[in-house]
Amino acid sequence: MQYMILNYTPPSEYADAAAVAAAAEGEVWGAYTRALMEAGVFVGGNALHPPHTATTLRVRGEARDIQDGPYAASKEQFGGYYLIEVPDLDAALHWAALNPAASSGAVEVRPVVTRGAA
């Protein structure tokens, strides 16, 4: 079954886009990604640019409301994700607990709806 691991980190970890890119390739995140790959559970994933680069769009009828910034204002911001393939939620939670964001922010684990799956 596929699960998405959503990384939420404090805004202080988003000093600028270069820092985000460096962190995504850095030792801690790189080691986590390699561990997922070596275990054969990695399907995909990406880091996101800092929250201030987001644009939020709402459409109500014919009206478009566009605002700068992320949709949700919270202590932690959505910073990236991993998509993994594991047997069950317990296995997904095992990998989520090893995610670097778990120690400084939060990690959300959600099952993925796969089309055509039995």
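The values are calculated or read from the model by the stated rules, or taken from the named source; none is laboratory data. Just so it is clear, the structure is predicted and the values come from calculations on it, not from any experiment. All Cβ positions, even for glycine, are placed from backbone atoms using ideal geometry, and neighbour counts span all protein chains on display.
Residues in the stretch 47-57 include none that are among the hydrophobic types (A, V, I, L, M, F, W, C), surrounded by fewer than 17 Cβ atoms within 10 Å (Cβ to Cβ) and more than 23 Å from Arg110 (Cβ to Cβ).
Is there a residue being in a helix (DSSP H, G or I) and touching a helix residue (DSSP H, G or I) at 6+ places or on another chain (Cβ under 9 Å) anywhere in the stretch 75-97? Full working, then the answer.
We begin by selecting, within the stretch 75-97, every residue in a helix (DSSP H, G or I); these are 89-97.
Add one more test, that the residue is touching a helix residue (DSSP H, G or I) at 6+ places or on another chain (Cβ under 9 Å), and what stays is 95-96.
Scanning the stretch 75-97, I find at least one residue that is in a helix (DSSP H, G or I) and touching a helix residue (DSSP H, G or I) at 6+ places or on another chain (Cβ under 9 Å), so the answer is yes.
You will find that of Gly105, Gly69, the residue that is touching a helix residue (DSSP H, G or I) at 6+ places or on another chain (Cβ under 7 Å), under 22 Å from Ser12 (Cα atoms) and of a type in the set (Gly, Ala, Ser) is Gly69 and no other.
What are the residues in the stretch 1-45 that are of a type in the set (Phe, Trp, Tyr), outside any strand (DSSP E or B) and modelled with pLDDT of 85 or more, if any?
Step one: filter the stretch 1-45 for residues of a type in the set (Phe, Trp, Tyr), giving 3, 8, 14, 29, 32, 42.
Remaining after also requiring outside any strand (DSSP E or B): 14, 29, 32.
Matches in the stretch 1-45: Trp29, Tyr32.
Looking across the stretch 40-82, the residues that are of a type outside the set (A, V, I, L, M) and more than 27 Å from Ala96 (Cα to Cα) come down to Thr55, Thr56, Arg58, Arg60, Gly61, Glu62, Arg64, Asp65, Gln67, Asp68.
Given the condition farther than 14 Å from Ile5 by Cα and under 12 Å from the mean Cα position of the chain (by Cα), answer yes or no: does some residue in the stretch 45-59 qualify? Looking through the stretch 45-59, at least one residue is farther than 14 Å from Ile5 by Cα and under 12 Å from the mean Cα position of the chain (by Cα).
Give me the residue from the stretch 77-118 that is in contact (Cβ under 8 Å) with a residue 60 or more places away in the chain and small (Gly, Ala, Ser) and, out of that set, farthest from Ile5 (Cα to Cα).
Looking only at the stretch 77-118, we keep the residues that are in contact (Cβ under 8 Å) with a residue 60 or more places away in the chain, and these are 77-89, 92, 95-96, 98-101, 104-112, 114.
Subset that is small (Gly, Ala, Ser): 79-80, 92, 96, 101, 104-106.
Values: Gly79: 11, Gly80: 9, Ala92: 8, Ala96: 6, Ala101: 10, Ser104: 15, Gly105: 13, Ala106: 10 Å.
By that ranking, first place goes to Ser104.
Summed over the stretch 55-80, residues that are closer than 25 Å to Gly30 by Cβ and at pLDDT below 90 total 4. With the condition kept exactly as written, say whether any residue in the stretch 81-99 is crowded, with 18+ Cβ neighbours inside 10 Å and modelled with pLDDT under 95. No, the stretch 81-99 contains no residue that is crowded, with 18+ Cβ neighbours inside 10 Å and modelled with pLDDT under 95.
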